[in-house]
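Below: the structure, in structure tokens.
The values are calculated or read from the model by the stated rules, or taken from the named source; none is laboratory data. Only a predicted model underlies this, so the values are computations on that prediction, with no experimental measurement involved. FYI the Cβ positions are ideal-geometry reconstructions off the backbone, even for glycines, and counts take in every protein chain you see. Quick note on the areas: whole protein, heavy atoms, side chains included, nothing else; ligands and nucleic acids left out. Shrake-Rupley method; radii C 1.70, N 1.55, O 1.52, S 1.80 Å.
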Amino acid sequence: MERRGSRAGEHPPAAGGATLAGQSPSAMEDLLDVENKRMADSLASKVTRLKSLALDIDKDAEEQNRYLDGMDSDFLSVTGLLTGSVKRFSGMARSGRDNRRLLLAVSVALVLIFFILYYLVSRAGT
């Protein structure tokens, strides 16, 4: 009976790499069974590790999808707020001269506040 693709007259290698010359057929069967069980156990442990890794990847993907869904709803609400603000700003800019002066004063004040805050934050960082 030939095993593992061995040629007629050759003995399959043992676990340590030596040949099984002079072994009885039942001893060879036992050695092959031990080798087979060792390899099956090794394969089972690798499959368990891969399954664990796949479950971790799935959990991480679900978590990231929830995070992205939350960001999507946040961006939609910010878009709505900005659209309303731009409409009010445009309406104020198109109205009379007094509103233009007020608009200019508010714009200059906002730019000044931005630069003051930038200066304070950069100074606090050093």
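Taken together, S77, S42 contain a single residue that is under 30 Å from L103 (Cα atoms) and assigned to a helix (DSSP H, G or I), which is S77. Of L55, L82, all but one fail to be modelled with pLDDT of 95 or more, among the aliphatic types (A, V, I, L, M), out of contact with any Cys (no Cβ under 8 Å at 6 or more places or on another chain) and open to solvent by 100 Å² or more (accessible area, probe 1.4 Å); the exception is L55.
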